[in-house]
Amino acid sequence: MKEVGALGTAVVFIGWAMWNLWSLFRIATGLRDRSWQRPLWWTRVGSVALFAGLTTWTWALFSTGLDVSDTCQFVHHEYYDSTYTGAHAAEFRKLFPLHNKCNAHFDLVPPWVNPFLVVCTVVVVAAVAVLLRFGITHLTGLPGRWFRQRSGGSRLVGHLPRLPLDQGDGGSVGGCGRGASASVNHGPTAPRTADSPRPPADRSAP
């Protein structure tokens, strides 16, 4: 079971490392094409800073080895002062700042590690703050966008053309009401000439 957990952790770590390598390239190009104004750019910055900080902290914490005295004497060729390390054992067990000294003058943790961890932490906090600002701006802008969409729809309905109403007898529409006669258009009427036959007279009239 431990092997499966270790394998899963290694896969996640490798995948995260590959994504951060690509993010470094995208961060550099984003400075030119103004992608830093987008949330994804700040997500990449925060991810890279977090990955760098965690990797550096883990390396500095476990790079001294299991036996500090052997590391001091045989790796760094420094005198191991057991009296000094015993008196400062509580300080050396702190998670931050990291220190693990062989004696009063030599520290197994490089001097750049703690400042680098501070810089990574500041960058991560800044990226999270910017992402929160993007999120708050998006959430507070939703009611305004909804109101503008609704008001825009109302204006469109108000500008629809109205059908003309016939003001004739009975106020009917299109002249088809009471007392209105509908005319049927049979096409264009040919002009009358002198030789044209006259229509027959209406004999039904009294």
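A few notes on this one:
- Qualifying chymotrypsin sites (Phe, Trp or Tyr not before Pro) in segment 76-141, DSSP loop, other Cβ atoms within 10 Å at most 16: Tyr79, Phe106, Trp112
- Amide H contacts for Lys101 (H built 1.01 Å from N in the peptide plane; partners 5 or more residues away or on another chain; cut-off under 5 Å): Leu108.
- The ellipsoid equivalent to the alpha-carbon distribution of segment 42-123 has semi-axes of 29, 12, 9 angstrom, derived from the gyration tensor eigenvalues as √(5λ) and listed largest first.
- Sorted from longest to shortest, the spans of the Cα atoms of segment 1-66 along the three principal axes equal 47, 27, 15 Å.
- For segment 1-140, a simple Cβ point-charge model (Lys and Arg +1, Asp and Glu -1, everything else neutral) yields a dipole of about 920 debye relative to the Cα centre.
Only the coordinates and a few stated rules stand behind these numbers; no lab work does. On a predicted model such as this, the values are computed, not experimentally measured, just so you know. So basically every Cβ, Gly included, is an ideal-geometry build from the backbone, and we count neighbours across all protein chains shown.
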